[in-house]
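Read through the structure below, which is laid out as structure tokens, and then see the notes.
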Amino acid sequence: MKEEIAVIFNPGAARGSAGRKIDKVEACLKAQGVPYKLFLTKSAEHLSETAARAVHKYPVIVGAGGDTTVTMIAAEILRYKKGNALGIIGLGSVNDLSREFGVFKLEQACRAIKVGRKLALDVGVLKMGNREEPFHFLAQASLGLGVEVNRYVTLWMEKHTFMSRFYTVAQALAVMGAFYHSYKEKSVPLNLDLKKQEHETTPVLTPLIIFTNTSISGKEFRLSPNASPVDGKLDCCILNAETLPDLINAIIQVKRQTHVEKNTMEIYQGEHFKIFSPDPVDIQADGEIFQTDGDIEISTLPGAINMIVDQDFKPNGQPGPERIEKIEN
């Protein structure tokens, strides 16, 4: 990497813990000999504004933060269509994207930025009846527990700040609390209608439905082991768990990777899906939560963004010829 790149650093990622890693990030970039300009952001609005300015000046933009940080930068790259490459330094709570593309560790991320290998990846598109502009996501969009857990964990961590020193344990406790609370308050299961491609609309009763562009979800889970960001499709994962005990059993099966054969989860692949709900329903996409009127459309933009990935990264399936031409070493 010879040209100066933009590193957009979100110190608020991982509930503020990312800010304590700025010295390590800079030291690692310098050790790899990467020329960069660091931009510290102060808010979500400032992050988007910074990314929009960087698009016009820097051919490579790196998001240092969580999955939401990277997705927000991607939105500006897609908005202006200048073909900027997008890199990741994962400093968030989950970091599904950096795990997926082989750059989870700081040293891996900085080395990948130096090498500059780019792969044209699919982008998910979320359209909602009550929102004029579509929202683009890189990893997953989910309804049900994906939304409920995000909200509950955020509030729980804010209430129990003393537990921040035991972050992993605290997060696990908060997630279990979110599961219990969601079933107790009957926030789940959701009663929806799902349309797959041009097929008939079918009713769905589920606590969790995820549309995923990547194989990794929630740090370690592989809900759809064959999901690929280069096949032009999304994997729709529908969890069959009407009660809390069913959910616990499903989690165990997912960890053991037996959930598909046991029909605990139904998986469909497609380029286009629609959701219809008689009531307003919330959806989460790469950490961002949206309130919708119950009319949601999910689709893909094949090969829409050039992502910097580890030099040894091999996605599920093989990229087509048009993708391979966009890989640069």
Enumerate by residue number the GluC sites (Glu not before Pro) in the stretch 167-273 meeting two conditions: DSSP loop (anything except H, G, I, E, B), and at most 16 other Cβ atoms within 10 Å of the site's Cβ. GLU185, GLU198, GLU200, GLU220, GLU242, GLU261, GLU271
Give the lysines reachable from LYS57 as a straight Cα distance under 19 Å; neighbours fewer than 8 places away on the same chain don't count. LYS2, LYS37, LYS81, LYS82, LYS114, LYS118
Using 0.36 nm times the number of residues separating LYS195 and GLN257, minus their current alpha carbon distance, what extension gain do you get? 19.7 nm
Anchor LYS255: lysines whose Cα lies under 16 Å away (excluding residues fewer than 8 positions away in-chain): LYS219
So, for the Cα atoms of the stretch 188-329, Rg and Dmax in Å stand at 16.3, 50
Separation in nanometres of the label points that stand 7 Å from Cα toward Cβ, at GLU133 and PHE162: 4.3
Would you look at the GNM of the chain, springs on alpha carbons closer than 10 Å, and say which of LEU234, LEU38, LEU138 moves the most? LEU38
Under a straight-distance cross-link criterion of Cα-Cα below 25 Å, which lysines are reachable from LYS196, leaving out those fewer than 8 residues away in the same chain? LYS127, LYS233, LYS262, LYS274
Give me the mean projected area, in nm² to one decimal, of the convex hull enclosing the Cα positions of the chain. 16.3
With charges only on Cβ, +1 for K and R and -1 for D and E, what is the dipole size of the chain about its Cα centre, in debye, rounded to 20? 1340
With runs of 4+ DSSP H residues as the only contributors, calculate the mean residue ellipticity of the chain at 222 nm using -39,500 (n - 2.57) per run, divided by the residue total and rounded to the nearest 500. -9500 deg cm²/dmol
If I measure Cβ to Cβ between cysteines in the chain, which ones have no partner under 4.7 Å? CYS236, CYS237
Report the Stokes-Einstein translational diffusion coefficient (µm² s⁻¹, integer) for the stretch 221-268, Rh taken as the Kirkwood radius over Cα pairs, at 4 °C with viscosity 1.567 mPa s. 116
Scoring the stretch 115-196 by relative contact order with C-alpha pairs under 8 Å, at least six apart, yields a percentage of 23
Can you find, among CYS236, GLY90, HIS199, the residue farthest towards the positive end of the dipole of the chain? Put +1 on the C-beta of Lys and Arg, -1 on that of Asp and Glu. GLY90
Per the rule of 0.36 nm per residue minus the C-alpha distance, extending GLU185 to ASP279 adds in nm 32.2 nm
Would you list MET128, MET157, MET176 from fewest to most Cβ contacts within 10 Å? MET176, MET157, MET128
Treat every Asp and Glu Cβ in the stretch 126-301 as -1 and every Lys and Arg Cβ as +1, leave all other atoms uncharged, and give the resulting dipole magnitude about the Cα centre to the nearest 20 debye. 760
Using a Förster radius of 45 Å, what is the FRET efficiency between ASN249 and TYR80 based on their Cβ-Cβ separation? Nearest 0.05, please. 0.45
Two-decimal Rg to Rh for the stretch 126-278 - Kirkwood Rh, Cα set: 0.97
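Read-outs throughout are calculated quantities, based only on the coordinates presented, and are distinct from any laboratory measurement. Everything numeric here is computed off the predicted structure, so don't read it as measured data. FYI the Cβ positions are ideal-geometry reconstructions off the backbone, even for glycines, and counts take in every protein chain you see.
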